[in-house]
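Notes follow once the structure below has been shown.
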């Protein structure tokens with residue numbers, strides 16, 4: 001992890017003074033856990049959780065909120081403040097502050113999407129197939145969210161069919177062990 005952290009710090013800034021790093025993969029693949037470990041290895045790098053910007057009605061409709069509330073301030077070298085969606089109350093309730101740090105992580109399904117890639121220093125992909133990730137997520141969330149998962153799985157499959165992130169990931173991480181897959185760190189990612 002320290003090798004990846006050092007490599008990310010050495011990348012050129014891509015969003016004003018910030019190196020914006022996406023941690024992407026299927027829901028349940030370990031993105032949040034890995035992002036927390038990577039943030040710690042980076043000395044407490046801020047993490048933007050896309051679950052805070054998505055909503056029940058817009059699973060993938062968060063790009064405008066991310067841009068306006070997070071990317072624009074960070075690009076100007078300012079701390080960002082974004083709204084946080086409450087999945088129980090079904091509305092935005094509260095805010096989170098994202099310091100303009102040397103490296104900022106954005107974690108969530110679709111973090112490496114086409115529209116964001118020009119501002120990303122790196123895309124990290126969690127290698128865990130959709131079926132295994134869904135099983136893990138359903139175990140984590142319990143049977144009361146089974147209906148949510150069914151709708152989510154369809155939306156996620158449609159998203160990745162139209163806008164895959166994995167081909168642009170210069171770093172891939174085993175979604176079971178959390179280990180970086182050899183021969184991925186240092187490969188250049190392709191932009192579109």
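Brief remarks on what is shown
- P(r) of region 118-179 over all Cα-Cα pairs, binned every 5 Å from zero, in whole percent: 4, 15, 21, 22, 18, 13, 5, 1
- In the elastic network of the chain, a GNM with C-alpha springs shorter than 10 Å, the most mobile of 111, 39, 162 is 162.
- Ranking of 171, 88, 33, 63 by count of other Cβ atoms within 10 Å, fewest first: 88, 33, 63, 171
- Debye-sum result for region 32-135 in log10 I(q)/I(0), which assumes one identical scatterer on each alpha carbon, at q = 0.15, 0.16 Å⁻¹: -0.65, -0.75
- With 10 Å bins beginning at zero, the pair-distance distribution over Cα atoms of the chain amounts to 9, 38, 38, 14, 1 %.
- Counting every pair of alpha carbons in region 24-89, the share spaced more than 19 Å apart comes to 43 percent.
Quick note: the coordinates plus some simple rules give every number you see, no bench work behind them. This one's a predicted model, so the numbers in the text were calculated from it and none came from an experiment. Note: ideal-geometry Cβ built from the backbone for every residue, glycine included; neighbour counts use all protein chains shown.
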